[in-house]
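Single-structure report; data block below.
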Amino acid sequence: MEKETVVSYKTCPLCEATCGLEIHTVGKNVVDIRGDKLDPLSKGYLCPKGYSLKELHDDPDRIRKPMIREGTLWREVSWTEAFREAAKGLRSVREKYGSSSLGVYIGNPSAHTLAGQLYFRQLVRSLGTKNVFSASTMDQVPKHLAAELMFGDVINIPVPDIDRTDYLMIIGANPLVSNGSMMTAPNMRKRIKDLQNRGGKFVVIDPVKTITAQQADVHHMIRPGTDALFLLGIVHTLFKEELISLERLAHHVNGVEEVRKAASDFSPEAVSSLCEIEADDIREVARDMAASPKAAVYGRMGTCTQLFGTVTTWLINVINTLTGNLDREGGVMFTNPVTGGVTASSKRRKEGSIHFGRFHSRTRSVPEVLGELPVNTMADEIENPGEGQVKGLLSFAGNPALSAPNSRRLQKALGQLDFMVSIDIYLNETTRNANVIFPAPSPLEKEHYDLALYKFSVRNISNYSKSIFSLPSDMLNEWEIILHLMAELSDEDLGKDPVEALDTNLITAMVTKEVKKTGSPIFEYEAEEILEELSKRKGPSRLLDFLIRVGPYGDHFGRNPEGLTLAYLEEHPHGVDLGPLKPRIPEVLLTPSGKVELAPELIVRDIERLRQKCAEGRSKYMLIGRRDLRSNNSWMHNLQGLVKGKDRCTLWLHTKDAQQLGLSSGDRVKVISRTGELQASAEINDNIMPGVISLPHGWGHLLSGTRMETASKHAGVNMNILTDDLEADLSGNAVLNGIPVVLEPISN
Ligand SMILES: Nc1nc2c(c(=O)[nH]1)N[C@H]1C(S)=C(S)[C@@H](COP(=O)(O)OP(=O)(O)OC[C@H]3O[C@@H](n4cnc5c(=O)[nH]c(N)nc54)[C@H](O)[C@@H]3O)O[C@H]1N2
Ligand SMILES: Nc1nc2c(c(=O)[nH]1)N[C@H]1C(S)=C(S)[C@@H](COP(=O)(O)OP(=O)(O)OC[C@H]3O[C@@H](n4cnc5c(=O)[nH]c(N)nc54)[C@H](O)[C@@H]3O)O[C@H]1N2
Ligand code: SF4
Ligand SMILES: [Mo]
């Protein structure tokens, strides 16, 4: 009998756009993937990666059984044996060298999985180690630090209200390729087109005329790493020409005068030759923004992963504020997510307490940030002997061997660990070092809810998807793997079913804490009654149901009967639109003063370092990164559908530079930095600024001992051989753009 086609809906878990997918299956096969036209945010949009979920699910190289390494050979083993071996190895390291000898690395997909968001941090906490590293410190940490100092909480990151603005300036982001980041907004091409059709202006500041910049009304190329100067030039102009208009924010902002002083030396003329944007153009941006009824400045990787990431991010917030666009419709706004946002029960930050510098790393005394140590210093902590040296590692959904700066050094360090455990879906450049690998299920075998990304969504959205396929009988859910490991490493007696016991402990702790919180919608409820109501579910869906129900739109366990529950979301598989963003100042501000702190001392002080850097002069060539629509950091190169076609791991350079070096497209060129050197094929591309070269990241799949056949045929070179682990932003964030390099043509 012919099996019927079943149509199901799922939020794509691959990037931050959270597109709704319509997935057609017959039995255990995916036969088609389309954009879900009824998804309230993505409205039918999808990119080639969304479509590739089918190939990812079917990829024969994807790990499906726990594996133990013996020398260079891998053996598939039972779950029981894998947990036993993992626990033995990790425990032995801990017993010999102490808690902090177990390091943790958390990769990017953990932000896109419920298990990563709800369970993995619990395991990390239970380890009691200081050596926690993650992809955040090579990504968005400057945004969190600026948000905490200015708006009182690390998640208080305003997003551009793109669908209602009249003027959008994008600095150092390429959302037509990346599909947006710290700004959940699928189909940016259409959103920007709509802005232009309603008479708005779209400006891009980027050393490259990217696909995004090609859609702009105005594009200025900028010398990498000089954005802070450009933005100071704007702030200077706003003051000089009396264009400041705080409007309704006037009573909610401290520090305007300090900002004026900080910018006083940075006239457009003073910064122009350094950032290579004409002084008049800088002034025009300031005037345009001030004149627009609604305007928004948005910055991303190019502004975060550079030497002055925090100062630059701060200045973006400052300009949005000084022009009256903070917390205004069509400006930049704070979201009010279904869960995880600032609510009535959130407490103001205490004076002096920030998620930064509460402890320092052992080797280089690098400050902690958000409870982690910067990934920049991970190799130091593995290599250097002494108390607290990382001897064992647990990696979750990460591939730092390719994604972290000075990757060659880190690759070597990973090989020196006494013991390593990974939870991943591939045997790749990082997990090849593991002694035990636990396979996470395919995205189609998991339920999904974008806990992290709806916090930065341009509309308030709630969308839960069930798994498309049931979990194969010989697999475990990712959250079960995590809890099993946690149980194995715990000294507590957890009874016959330790996973169930830990899961119950977790929800009990959450409920008990919530009912004691003043301002909570379930303040003084009986915890037992709430737990009883939740008891039909377990795992992530129980936690999620609880979080949704106590959130601002929740049913508050009866106090708001029309409110959201997980059951309601299950009945609405396309997702629920909770409307456009609304102004939230003052309730959202959690600074000790309850005001926007426009001039946090820690950040303002860093302008001095900027001055010093400017005085140093610059290298003839600077390397920046780039993304490609058909890649996702390092891990989707094993899918033929995404790597086919011409080589994309090429070195872009401008004709002028190519001529000077005597290079033609296709010629091999050596790129040398402080940390290492590599060879790449030149691709002459006049969309890049002279003196700037670019390589994409996430490539370099030729290391031995991996199992990614397609990726190894399209290996490319690893750009992070050249990025420098000794360079960092104030926040400790890695510097992945603006790397000084030397180019040498290779003669045939
Ligand atoms: N030079 C340079 N370097 C960069 C960047 C850059 O722009 N330039 N970008 C940086 C940024 S922004 C980021 S976020 C980092 C990313 O850095 P990482 O997170 O370290 O690297 P990824 O390539 O995202 O690796 C993801 C890993 O998760 C695994 N995986 C995928 N799905 C799942 C799942 O559902 N469960 C589990 N358990 N594992 C899964 C994959 O197999 C892969 O091993 O790279 C950074 N590195
Ligand atoms: N297709 C695809 N999509 C992705 C990913 C992917 O790997 N592939 N990765 C995802 C992840 S983890 C993230 S964090 C996001 C990132 O999302 P984005 O930040 O939008 O993506 P990038 O391509 O890194 O954009 C950075 C831009 O900054 C420019 N730039 C470099 N240096 C400077 C500088 O000094 N100043 C200025 N003004 N600009 C500079 C670069 O030319 C580039 O256009 O993308 C996500 N989406
Ligand atoms: S844009 Fe992102 S969320 Fe949308 S289909 Fe592509 S990878 Fe998936
Ligand atoms: Mo990222």
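The values are calculated or read from the model by the stated rules, or taken from the named source; none is laboratory data. In this text the structure is predicted, and so the values were computed from the model without any measurement. Glycine also receives a Cβ, built like all others from the backbone with ideal geometry; neighbour counts cover every protein chain displayed.
Scanning the range 313-344 for residues that are of a type in the set (Gly, Ala, Ser) and either within 13 Å of Asp153 (Cβ to Cβ) or within 23 Å of the chain's Cα centre (by Cα) (or both) gives Gly331, Gly340, Gly341.
Among the residues making up the range 219-254, those that are closer than 25 Å to Trp652 by Cα, outside any helix (DSSP H, G or I) and in contact (Cβ under 8 Å) with a residue 40 or more places away in the chain are His220, Met221, Ile222, Arg223, Pro224, Gly225, Thr226.
Results for (1) assigned to a loop (DSSP other than H, G, I, E, B); (2) more than 10 Å from ligand 3 (Cβ to nearest atom), shown as yes or no for each residue.
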position: Glu2; (1), (2): yes, yes
position: Tyr9; (1), (2): no, yes
position: Pro13; (1), (2): yes, no
position: Glu16; (1), (2): yes, no
position: Leu21; (1), (2): no, no
position: Leu56; (1), (2): no, yes
position: Pro60; (1), (2): yes, yes
position: Lys65; (1), (2): yes, yes
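Among the residues of the range 721-734, the one identified as β-branched (Val, Ile, Thr) and buried (at least 24 other Cβ atoms within 10 Å of the Cβ) is Thr723. Of everything in the range 63-103, what is buried (at least 20 other Cβ atoms within 10 Å of the Cβ) and either under 22 Å from Leu444 (Cβ atoms) or among the aromatic types (Phe, Trp, Tyr) (or both)? Give them in sequence order. Correct list: Ile63, Pro66, Met67, Phe83. Within the range 609-618, identify whether any single residue is in contact (Cβ under 8 Å) with a residue 60 or more places away in the chain and more than 23 Å from Ala270 (Cα to Cα), and answer yes or no. Checking the range 609-618: not a single residue is in contact (Cβ under 8 Å) with a residue 60 or more places away in the chain and more than 23 Å from Ala270 (Cα to Cα). The conditions of being within 16 Å of ligand 4 (Cβ to nearest atom), surrounded by 14 or more Cβ atoms within 10 Å (Cβ to Cβ), farther than 30 Å from Asp265 by Cα and at pLDDT 95 or above are met by Asn632.
Taking the criterion of being over 23 Å from Thr72 (Cα atoms) and either touching an Asp or Glu at 6+ places or on another chain (Cβ under 8 Å) or acidic (Asp, Glu) (or both), the only residue of the range 696-713 that qualifies is Pro696. Among the residues of the range 157-216, write down those that are under 17 Å from Ala296 (Cβ atoms), touching a His at 6+ places or on another chain (Cβ under 9 Å) and more than 8 Å from ligand 2 (Cβ to nearest atom). Hits for the range 157-216 are Ile157, Val203, Val204. Residues in the range 147-158: is at least one closer than 28 Å to Ser395 by Cβ, touching a Lys or Arg at 6+ places or on another chain (Cβ under 9 Å) and either among the hydroxyl-bearing types (Ser, Thr, Tyr) or at pLDDT below 95 (or both)? No, the range 147-158 contains no residue that is closer than 28 Å to Ser395 by Cβ, touching a Lys or Arg at 6+ places or on another chain (Cβ under 9 Å) and either among the hydroxyl-bearing types (Ser, Thr, Tyr) or at pLDDT below 95 (or both).
For the range 120-138, a residue qualifies if it is touching a residue at least 24 places away in the same chain (Cβ under 8 Å), of a type outside the set (A, V, I, L, M, F, W, C) and farther than 24 Å from Leu726 by Cβ, and the qualifying residues are Gln122, Ser126, Gly128.
Here Thr321, Thr303, Thr312 are screened, and the one residue that is crowded, with 24+ Cβ neighbours inside 10 Å, touching a Cys at 6+ places or on another chain (Cβ under 9 Å), under 19 Å from Ile234 (Cβ atoms) and β-branched (Val, Ile, Thr) is Thr312. Selection within the range 358-413: residues that are β-branched (Val, Ile, Thr), in a loop (DSSP other than H, G, I, E, B) and in contact with a strand residue (DSSP E or B) (Cβ under 7 Å, 6 or more places away or on another chain). The member of this set that is nearest to Val154 (Cα to Cα) is Val366.
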